[in-house]
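For reference, the structure discussed in these notes is given below.
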Amino acid sequence: MDVLAHSAGGSLAMLYAARHPARVARLALVTATPWALGMPATAEDRLTAARLRKGEPWFEGAFPVFESWLAGTGDYDPVFTPFFYGRWDDPAREHAARGDEECNDEAADVYGSEGAYDPPATRAALARCTAPVLVLAGELDGGPRPELARRAADAFPHAEVAVQPGAGHYPWLDDPDWFVRRVVAFLGQD
């Protein structure tokens, strides 16, 4: 079967491929957070990506609040939500508005908790995965940045990396045509 996973779901998909490699025909990891590989996005990764947005009209008000949150000295604040999107437009705002009802923070805390993964075992198992893998990163995403996505792709013997120009953590919103063409081209391979 083909498996497509986004964000934190990427670690779950990696664990599935590690445990059941024969069941996975193709694996597409879309802005996947590689916790299962012991590679979290760091605060500096996120800040480096955020600085790419310096020309945005909302940057000056959002960046210090984002920096404080990442340092653990401030709370999550919707003012910095635009950093997660390549374009802060109506579709992005509508998507962000649904976030609270579509997210389970308590489950997320457990999912990414200390000891939830065994990165050496996962890497060893994925090194034997014969399925083609697409690791798709957003050019402006901080978690994972394209550099982290490339390092995650190294865990697989048959991986390719695609970086979607101008995209954040939700690339299908930033340029749906580019995203669909790239993912369908990968999943449609024989």
If we keep only residues of the range 3-32 that are of a type outside the set (S, T, N, Q), at pLDDT 95 or above and in a loop (DSSP other than H, G, I, E, B), then the residue farthest from Pro146 (Cα to Cα) is His20
Just checking, which of Asp141, Asp177, Asp154 is of a type in the set (Asp, Glu) and in contact (Cβ under 8 Å) with a residue 24 or more places away in the chain? Asp141
So which of Tyr117, Tyr170, Tyr76 is touching a Leu at 6+ places or on another chain (Cβ under 8 Å) and aromatic (Phe, Trp, Tyr)? Tyr117
In the set Arg53, Arg46, which member is touching a residue at least 12 places away in the same chain (Cβ under 8 Å), among the charged types (D, E, K, R) and farther than 16 Å from Ala149 by Cα? Arg53
In the range 157-190, how many residues are of a type in the set (D, E, K, R) and in a loop (DSSP other than H, G, I, E, B)? 2
Selection from the range 133-156 of residues that are over 21 Å from Trp172 (Cα atoms) and either assigned to a loop (DSSP other than H, G, I, E, B) or of a type in the set (Ser, Thr, Tyr) (or both): Asp154, Ala155, Phe156
Would you mind finding the one in Ala43, Ala32 that is under 15 Å from the mean Cα position of the chain (by Cα) and closer than 24 Å to Arg182 by Cβ? Ala32
Residues satisfying the stated conditions in the range 89-137, i.e. closer than 28 Å to Arg23 by Cβ, crowded, with 18+ Cβ neighbours inside 10 Å and either under 19 Å from the mean Cα position of the chain (by Cα) or at pLDDT below 85 (or both): Tyr117, Thr122, Arg123, Leu126, Pro132, Val133, Leu134, Val135, Leu136, Ala137
Given (1) surrounded by 15 or more Cβ atoms within 10 Å (Cβ to Cβ); (2) outside any helix (DSSP H, G or I), identify the lone condition not met by Phe80. (2)
Could we say that Gly115 is at positive phi, part of a loop (DSSP other than H, G, I, E, B) and touching a residue at least 24 places away in the same chain (Cβ under 8 Å) here? no
Under the condition of being of a type in the set (A, V, I, L, M) and either surrounded by fewer than 18 Cβ atoms within 10 Å (Cβ to Cβ) or in contact with a Ser or Thr (Cβ under 6 Å, 6 or more places away or on another chain) (or both), which residue from the range 16-36 is nearest to Gly142 (Cα to Cα)? Ala36
Being more than 16 Å from Arg46 (Cα to Cα) and touching a His at 6+ places or on another chain (Cβ under 9 Å) is the requirement here; does Ala152 meet it? no
If you scan the range 11-25, which residues turn out to be touching a residue at least 40 places away in the same chain (Cβ under 8 Å) and closer than 23 Å to Asp174 by Cβ? Ser11
Return the only residue of Ala162, Ala167, Ala152 being hydrophobic (A, V, I, L, M, F, W, C) and farther than 18 Å from Gly86 by Cα. Ala152
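The values are calculated or read from the model by the stated rules, or taken from the named source; none is laboratory data. Keep in mind that what you see is a predicted model, and the values were worked out from it rather than measured. A quick note on method: Cβ atoms are made from the backbone with ideal geometry, for glycine too, and the neighbour counts reach across all protein chains shown.
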